[in-house]
Amino acid sequence: MPRASTWFLGAAMSGDCLAAGGPAVALSIILPAHNCQGHLADSVSFLQRGLAAGEAEVVIVENDSVDGTWPLARYLEGSTHGIPIRAIQSGKGLGRAYVAGIAAARCRHVLLTADDLPFGLSDIRAWRQQSVADLVLGSKAHPDWVVDRTLVRQAMSLVFRALRLVVLGMRVRDCQGTPFARREWLQDLAPHLREGGYLSSTEIVYAAQRQGLTIVEVPVELRPSFSGTRIHVDDIVSMAVGLGRLRGAGSRLDRPCVPAMPTDSVA
């Protein structure tokens, strides 16, 4: 397939402005937020303390919360300390939040993460070292990642990996990590994404694989405060069904690619 359309090449060379006359920034951090009133402010504060002004923006995507997440997100949007914060809403589900956040992103690169920032800033630090990859994944399966995992968790992860290999031919070891990609590529892809739940990041990785993009997994460090998600045996069945659905609809993900460019320099 063609590596890039003329429009994408032009967009990629046009710079990374937040808005007309706004500061140039490197990374749009998409923060899906669902019923996370208890820790959303801590996550935003963590990013504001750890990243320099002008280095990134945060897009909070509240999706169908029943607690005070949306009012809190609007309050945080008014913060004037460090990196800019914006708050938007989407339909319920991680995938829908990702799509809305991708559409709202204004920076040259986009990070899709979670509201509790499971890897802190370790994935961002590792991403900065990758200058040529089209898609970078903060990966829990990387041999250098820092965390102790239970045997049950390791076994379930191996089952998921085997299912992805058999059903989709995917050799990426962790599709549930944190993806970094160029905004133009993600915004071109977003209208074709259909997965609304936990397979949403797998769908993005599968699209990159089908398009022949370079995919690199980088090591991450789990935050001490992160408790992790629970995996049940039923999840294996759901994963298999979802992967079959992706395989059957894979052709819609064959879109033009945006070539990799070096990550933005940050002070």
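The values are calculated or read from the model by the stated rules, or taken from the named source; none is laboratory data. Being a predicted model, the structure only gives us computed values, none of them experimental. Just so you know, the surface numbers come from the protein's heavy atoms only, side chains and all, with ligands and any DNA or RNA stripped out. Shrake-Rupley method; radii C 1.70, N 1.55, O 1.52, S 1.80 Å.
Segment 35-82 and segment 166-191 have their alpha-carbon centroids 24 Å apart. In the complete set of protein chains, residue-level accessible area for Arg223 is approximately 50 Å², probe 1.4 angstrom. Solvent-accessible area of Ile215, all protein chains in place: 50 Å² (probe radius 1.4 Å, heavy atoms, ligands and nucleic acids excluded).
Annotation: His81 carries an accessible surface of approximately 130 Å², with a 1.4 Å probe and no ligand, DNA or RNA atoms counted. Under a 5 Å amide H cut-off, with hydrogens placed 1.01 Å from N, Gly138 pairs with Thr178, Phe180, Val218 among residues at least 5 apart or on other chains. Rolling a 1.4 Å probe over the heavy atoms of the protein chains gives segment 61-138 an accessible area of 40 Å² per residue.
Ranked by solvent-accessible area (1.4 Å probe, protein heavy atoms only, all chains present), the residues Glu55, Glu221 order from largest to smallest as Glu221, Glu55.
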